[in-house]
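Here's the structure, in C-alpha cells; my notes come after.
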Amino acid sequence: MTDTIWTESTVAAAVGRAKYDRLAQAIRDRIASGSLAPGQKLPPVRDLAWKVGVTPGTVSRAYRLLTDAGVLTAGVGRGTFVAEAEEVSRQVLSAEAGPDNDSVLNLTGPRMPDLGQTALIARVMQTTLAQMPSDVLTRYPSRITDRPAREIVLAGLDPLVGPATLEDVVLAYGGQNAIVMILQTVLNGPRPTILTDAISYNGFRNAAEVSRADLVTVPWDDAGPVPDVFVSLVRKHGAQAYCTASEVNNPTARPIAPSRRQEIAAIAARHGVHVIDDDCYTRPTRVGASFRSLLPDLGWHVGSPSKTFSPALRLGYAVAPEGWSGALVRTAAGHAFGVSPLVTDLYARLYRHPDQAAVLRAVRDRIDRDVAVATEIFADCGPGAAPGVPFVWLPLPAPWRSGDFVEAAKSRGVILRASESFLTRDSPPVHAVRIAVNGTVPHARFAAGMADLRAVMDQPSARISV
C-alpha cells in the first residue's frame, strides 16, 4: 500500500457528516476504485489517525463500522484487512440469509426451525384480515389499535420483571428497535456514554452508533460485570445507560448472578444510570429478578417473539420503569407513529390461538436437541449454553485462535462466527467461537457438523498464527 492514498484531504469537511463516517466512506471509495485490494492490510489505528489528521478514536470507529458491515475483517493481534470479495458478499447478507446447501452448514446466526409457525401464521393472517374493521386500515396506528398486543405482552410477563401496567408496555418493530427508542428517550447531551458488557452482540454497538453515543465495555468475572470497574467507568465517563442481557448474554449464554444484579442495580440507582435489560433470548425459567424489578425508576425490560417463534414477526416491546412510559410513547410516535395493526393484531391473535403453545414447545425442543449434541461433543471445553437458547459459546483450547479455527471450520464446510464479532477493537483477545443452531437443516446434519468441528479442533494445523 502506498501512503499517498492517505492524506488529510481523506476526511475533508462534508456538511452533516461526522469524521468517522467520512473516513469510512473514503475507505469504501478506495475499495471500489481498486486502490485497496481484497485481502490488503490497512494501517494501524494510530498510524492512519496521524496520516489523515484525526483522533485514533475516529479511526477505530470507522474501522468498527466497516467491520460490522462486512467490508473489513479484523483479528485481535493480526490487524484490519479488506474483506475478500466472497467474504463481503457473505457478511453483507444477514445471518438468516447466508449460504446453505449440501456442502455448507451456516452456523453464523440462529435460524428458526419451522415446526408449524408458517402454517399457523398463514391461517391466523387470513382471519385477521377478514375480521379487521376497514377504518383500521385507513388510519395511523395508535395506543388504541395496539392495545390487544400490549395485553398479550403484559399477561405473559414473568413476575420477576416487576409490577407493570398496560401503560408501561410500549411496542416497537423488534427488540433492536425498542433498545434504540429507549436510548433516544433517556440519553442527554451531544456525546453521551453507554456501558455494555465486554463480550456482547453487536446490536448494542449499532444502537450506540445510531444514538450518537460512545460505547464503553465492562469486564466480567464469574458472577457478571465487575462492580468496582462498573462504578469506576460510570464516574469516569458519566455513563447514562448500561445495556445488558441479564438472563442470557449473547454470545456466552451466561446469566448475571442474582446477587451481582443487586450490586449493579445499587450502583446504577446511586448514579442515575438507566439499565436496559434485553430479554429477547429468554429462558423458560428465569435465573433471577430483572433489572426493571430491581430498579423501579431506571430499569427497562425488552422482549420480542423473534427469537422464540418467528423473526418475521417484526414486533418487540419495552416495559418502561415508573414515570417513563409517556416519554417512550412520544419517541415511538416519532419513529413510525406506532406499530401497524397488521402486525399487532396478528401477534395478538397468534398468541391467543390454541395451537401456539404447542408450536413454541416444539421449537424449543428442537433447539435443545441441537444444543445438547454440541455441548456433549465439546463437554471438555466448558461450552456455554442455556435452555431454549439457539447458540453455544465454544472456548477454544490452545493453540487455536478464533480466526484460525473459523477458517479451518470453513474448509470443512461449516461457517461460524468468531469471538471478534462480539468484541470492540480495544478488547483483549478471546479465543472462542459462537455456534448457532440452524433449524433449517435436519438434526442429523447439525450433529454431523458438530463431529466435523470436533475433528478440526483435535487436529490443529502447523500454520496456526502465534
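The values are calculated or read from the model by the stated rules, or taken from the named source; none is laboratory data. These figures come from a predicted structure and were not determined experimentally. For neighbour counting, all protein chains shown are included, and Cβ atoms are generated from backbone atoms with ideal geometry for every residue, glycine included.
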| Condition broken by SER246, with the remaining ones in (1) of a type in the set (Gly, Ala, Ser); (2) assigned to a helix (DSSP H, G or I); (3) in contact with a Ser or Thr (Cβ under 7 Å, 6 or more places away or on another chain) satisfied | (2)
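Each row is one residue, and each column tells you yes or no for (1) touching a strand residue (DSSP E or B) at 6+ places or on another chain (Cβ under 6 Å); (2) at pLDDT below 95; (3) of a type in the set (Lys, Arg); (4) surrounded by fewer than 19 Cβ atoms within 10 Å (Cβ to Cβ).
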position: ARG260; (1), (2), (3), (4): yes, no, yes, no
position: ARG270; (1), (2), (3), (4): no, no, yes, yes
position: LEU294; (1), (2), (3), (4): no, no, no, no
position: PRO305; (1), (2), (3), (4): no, yes, no, no
position: PRO321; (1), (2), (3), (4): yes, no, no, no
position: ALA327; (1), (2), (3), (4): no, no, no, yes
position: ASP345; (1), (2), (3), (4): no, no, no, no
position: ALA348; (1), (2), (3), (4): no, no, no, no
| query | Taking the range 1-47, which residues are among the polar types (S, T, N, Q) and either surrounded by 12 or more Cβ atoms within 10 Å (Cβ to Cβ) or at pLDDT 70 or above (or both)? | reply | THR7, THR10, GLN25, SER33, SER35, GLN40
| Candidates SER427, SER419, SER461, filtered to the one that is touching a residue at least 40 places away in the same chain (Cβ under 8 Å) and either surrounded by 19 or more Cβ atoms within 10 Å (Cβ to Cβ) or hydrophobic (A, V, I, L, M, F, W, C) (or both) | SER419
| Can you tell me which residues in the range 181-205 are free of Cβ contacts under 8 Å to residues at least 60 places away in the same chain and of a type in the set (A, V, I, L, M)? | LEU187, ILE194
| note | Inside the range 119-156, the number of residues satisfying the requirement of being over 11 Å from ARG349 (Cα atoms) and either in contact with an Asp or Glu (Cβ under 6 Å, 6 or more places away or on another chain) or not in a helix (DSSP H, G or I) (or both) is 10
| field | From GLY316, GLY338, GLY288, residue being under 17 Å from the mean Cα position of the chain (by Cα) and surrounded by 17 or more Cβ atoms within 10 Å (Cβ to Cβ) | value | GLY316
| note | Turns out the helices (runs of 4 or more DSSP H) fully within the range 297-393 with at least 3 residues that are of a type in the set (Gly, Ala, Ser), touching a residue at least 12 places away in the same chain (Cβ under 8 Å) and over 22 Å from ASN249 (Cβ atoms) are 325-336
| query | Given (1) crowded, with 18+ Cβ neighbours inside 10 Å; (2) touching a Phe, Trp or Tyr at 6+ places or on another chain (Cβ under 9 Å), where does ARG369 come up short, assuming only one miss? | reply | (1)
| task | Please find, among VAL406, VAL441, VAL414, VAL389, the residue that is of a type outside the set (Lys, Arg) and touching a helix residue (DSSP H, G or I) at 6+ places or on another chain (Cβ under 6 Å). | result | VAL414
